[in-house]
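To keep things clear, I will list the structure first and then write my remarks on it.
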Amino acid sequence: MPRALLIIGLMEILIGGLTLLTTTFSLLFSLNTKTPNVLTFVLITAVLSLVLGLGILVHNAIAYKLLIYFSTVIILSKILILADLIQLNGAFENFVPSPVKSVTSIAYHALLIFFLTKRDIKKIFINLKKT
């Protein structure tokens, strides 16, 4: 398995797993400040990240395509937020300033797309689909 795939898979598992863990912790100890709709979104995206990370590790073609798609959506939404064309209501804000999170997210997802669309990585998922 190429090192980039291992890192991408583990990063997605780490992001999803830590989000699930901290959210569960906040719920168990009545520390949750998120509204039900935001909480639902956070839980769904955490599970999705975890599942996509596992899918990347086992070379699942659907996980590969979905991760590229969602990364593109995230990059576009973060650019729109930074350009002040769309705004969030602050429900996702924690202690990290929004511009820092947006720039970090853009960089991470751009690198993710860059590595996933490299010819040698792409071949792994395309060849699996044909067999």
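The values are calculated or read from the model by the stated rules, or taken from the named source; none is laboratory data. Because the structure is a prediction, the values reported are computed rather than measured. In this analysis, Cβ positions are derived from the backbone assuming ideal geometry, glycine residues included, and neighbour counts consider all displayed protein chains.
Some notes on this structure:
- Residue identified as without any contact (Cβ under 8 Å) to a residue 60 or more places away in the chain and aromatic (Phe, Trp, Tyr) among PHE115, PHE29: PHE29
- Test: residue in the range 79-91 that is surrounded by 16 or more Cβ atoms within 10 Å (Cβ to Cβ) and either within 20 Å of LEU111 (Cβ to Cβ) or of a type in the set (Phe, Trp, Tyr) (or both): yes
- Residue check, LYS65 assigned to a helix (DSSP H, G or I), at pLDDT 90 or above, among the basic types (Lys, Arg) and surrounded by 13 or more Cβ atoms within 10 Å (Cβ to Cβ): yes
- Answer from LEU20, LEU6 - the residue that is without any contact (Cβ under 8 Å) to a residue 40 or more places away in the chain and among the aliphatic types (A, V, I, L, M): LEU20
- Conditions (1) at pLDDT 95 or above; (2) on the phi > 0 side of the Ramachandran plot: number failed by ASP84: (1)
- Meets criteria (loosely packed, with under 15 Cβ neighbours inside 10 Å and free of Cβ contacts under 8 Å to residues at least 24 places away in the same chain) for THR72: no
- Hits in the range 38-59 (condition: surrounded by fewer than 16 Cβ atoms within 10 Å (Cβ to Cβ) and without any contact (Cβ under 8 Å) to a residue 24 or more places away in the chain): THR40, PHE41, ILE44, VAL58
- Every residue from the range 1-35 that is among the polar types (S, T, N, Q) and under 15 Å from the mean Cα position of the chain (by Cα): THR19
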